[in-house]
Amino acid sequence: MSLATRYRPQNFEDLVGQLSAAQSLKNALDYRKIGHAYLFHGARGVGKTTMARILAKALNCVNGPTSQICNSCEHCVEISEGRSTDVIEIDAASNRGIDNIRELRAQAVFAPMKSRYKVYIIDEVHMLTTESFNALLKTLEEPPHHVVFILATTELHKIPETITSRCQVFTFKKFNAREIADRLAHILDLEKIAFEREALLPIAERGEGSLRDAISLLDQTLAFSGQNTLTLAAVRESLDILPVETYNNFVQGLRTGDLHAILNAIHELAQGGANLRVFLKDLLAYLRVMVLVSEKVEVHSLSKEDLEKIIRAAQAWDRNALIRVFQQLFRLNQEFGQMLSAKSSELRMALEISLVDLVHKLREPSVSALVQKIERLKTAIETGKPFEDTIASAPVQPEKRDTPAPQPQAATGDHQADTAAMLQKAFLAEEVPVNPETQKLFGG
Ligand SMILES: [Zn+2]
């Protein structure tokens, strides 16, 4: 039995991370304020259908309706095993047509076979057609007293207002990486499997807020390593996760415009059989953290050592340039998403060319840097201060250069010549290419 199946929550208390929804439902059960329609909304893998099954048990448990599910009576067991005739699960993605809902309506009027309530769990409910929603609405307007609907969706905005207004809506939040890591640690403890704590964070990160996905990845990693201990090295190998240094070096190559190093890194990744889709995704996650730490935002999804390395790397970057890198690679990642049948050699080509383009773009001055420079020049001309003494309103950190900045020249007293010299220095300071004609104009 997979870990995900074995550790599927069976009680309201097990649904870590969804405590507020669980508490509201428990209160409703204990005060016998049972609604006829519930709508659970949230990202995939956050426990919507699990909560729906727990609620179904709470309604039909021999002790019920109760918030204290026994999990051992006939009703509870049948629901847990997915074979209760009175708890009907429908996947709206594949049963979205009007006939499916007509059938449901025809059946709903009959009393439950042996339970207290007939519970319809409709997953991915946003997939229903407009006609189907209208048919469902008629039942929601006048539901048979023995029926409870539990609708679940990842896309609340696609559900007509007429439906949502007749449901009690519960929002399920995504789990953060720490919460997922804690849950994984709990499972490993119960399984008596030794583990390195830092091995859990990459799994949690890859789960992208879905506990179910994270548990499946944990399963996969344990099967891959075939051992009784979970190590960071095994997780990295199993999930194709590269050490932070790899991204550090790669991004450093982008900053210094070292195309040779960048293309060589891609070559090595491809030779080593790395999945370039995964690499690009992880590179984006790395860049995101770089942007966040440069804005002093706290990040919890990485170990302290890794975080310190990223903070140091971020300090060398101009924020605008960093954001440009992120945006271009983000677009490429979206394109990768559309190239589902692309061969790895095609992905490699697309990645390489995008990186070459990026390096060239990074060599051009950004618009914001130019605007700031013009502002400073204006101040210099208006106040007569040397350009170096003017301060940009939002300072752009200059990249560290190997060549020393040109030394300021003494003012000549000729206002026009001084301005020209100032302009030239200002441009040279940021290494904007000055063509010979402009140089002549500036008296250089
Ligand atoms: Zn029970």
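The values are calculated or read from the model by the stated rules, or taken from the named source; none is laboratory data. Because the structure is a prediction, the values reported are computed rather than measured. Note that we place each Cβ from the backbone using ideal geometry, even for glycine, and neighbour counts take in every protein chain shown. Protein only, heavy atoms only, side chains kept; ligands, DNA and RNA dropped before computing areas. Shrake-Rupley method; radii C 1.70, N 1.55, O 1.52, S 1.80 Å.
Just a few scattered comments:
- Selection among F326, L269, T383 by position relative to the dipole of the chain gives F326 as farthest towards the positive end (Cβ unit charges, Cα centre).
- Here is the list for the stretch 75-116: GluC sites (Glu not before Pro) lying in DSSP coil, each with at most 11 other C-beta atoms within 10 angstrom of its C-beta, are E81.
- The chain: angle of helix 367-383 to the longest principal axis, Cα-based, in degrees nearest 10: 40
- Computed over neighbours whose Cβ is under 11 Å from that of N228, the net charge equals 0, Lys and Arg +1, Asp and Glu -1.
- Projected-area mean, the chain, by convex hull of Cα positions, square nanometres: 29.0
- Pairwise FRET efficiency - Q227 versus L370, Cβ, R0 = 41 Å, nearest 0.05: 0.15
- Taking chymotrypsin sites (Phe, Trp or Tyr not before Pro) across the stretch 73-144, the ones in a DSSP loop with at most 16 further Cβ atoms lying within 10 angstrom of their Cβ are F110.
- Probe 1.4 Å, protein heavy atoms only - accessible area per residue of the chain in square angstrom: 53
- Relative to the Cα centre, the charge distribution of the stretch 3-172, modelled as +1 at Lys and Arg Cβ and -1 at Asp and Glu Cβ, gives a dipole magnitude of about 260 debye.
- Relative to the Cα centre, the charge distribution of the chain, modelled as +1 at Lys and Arg Cβ and -1 at Asp and Glu Cβ, gives a dipole magnitude of about 1000 debye.
- Each of S24 and E141 was given a label point 7 Å from its Cα along the Cα-to-Cβ line. The distance between the two points is 2.6 nm.
- Positive-end residue of Q372, P143, G97, charge dipole of the chain with Cβ unit charges: P143
- The 3J(HN,Hα) values that the Karplus relation (6.51, -1.76, 1.60; θ = phi - 60°) gives for the stretch 5-20 are, in residue order, 6, 5, 9, 5, x, 10, 10, 4, 5, 6, 7, 4, x, 10, 5, 6 Hz. Gly and Pro appear as x.
- Across the options T129, L355, N249, the greatest Cα extent toward the positive end of the charge dipole of the chain (unit charges at beta carbon of Lys, Arg, Asp, Glu) belongs to T129.
- If only the Cβ of Lys and Arg carry +1 and only the Cβ of Asp and Glu carry -1, the dipole of the stretch 244-363 around its Cα centre is close to 260 debye.
- C-alpha long axis of helix 48-60 to longest principal axis of the chain, angle in °: 20
- Under 30 Å from K296, Cα to Cα: lysines that are on another chain or at least 8 residues apart: K173, K174, K281, K304, K309, K361, K373, K400
- Radius 13 Å from Cβ of I241, net charge of other residues (Lys, Arg +1; Asp, Glu -1): -4
- Between 0 and 90 degrees, the angle of helix 276-294 with respect to the longest Cα principal axis of the chain falls at about 70 degrees.
- Selected from Q18, Q220, Q372 as most flexible by GNM, with the chain as the system and alpha-carbon contacts under 10 Å: Q372
- The smallest convex shape that holds all Cα atoms of the stretch 75-140, its convex hull, gives 84 Å³ per residue.
- Stokes-Einstein, applied to the Kirkwood radius of the stretch 1-151 over Cα pairs at a viscosity of 1.306 mPa s and 10 °C, places its translational diffusion at 101 µm² s⁻¹.
- Residue-count net charge about A93 - beta-carbon cut-off 10 Å; Lys, Arg +1, Asp, Glu -1: -2
- The mean sequence separation of alpha-carbon pairs under 8 Å and at least six residues apart, normalised by the residue count of the chain, gives a relative contact order of 12 percent.
- Cβ-Cβ FRET estimate between S303 and E13, R0 fixed at 30 Å, reported to 0.05: 0.50
- Loop-located chymotrypsin sites (Phe, Trp or Tyr not before Pro) across the stretch 309-369 with a Cβ neighbour count of 12 or fewer within 10 Å are lacking, with loop assigned by DSSP.
- Note: relative contact order over the stretch 249-351, using C-alpha pairs below 8 Å and six or more positions apart, is 31 percent.
- When shorter helices are ignored and each DSSP H run of at least 4 residues is given -39500 (n - 2.57), the per-residue value for the chain at 222 nm works out to -17000 deg cm²/dmol.
- You can think of it this way: the chain between I88 and I381 has 97.8 nm of extra reach, that is 0.36 nm per residue less the Cα-Cα gap.
- Note on V169 and A261: the model spin-label points, each 7 Å out from Cα along the C-beta direction, lie 5.0 nm apart.
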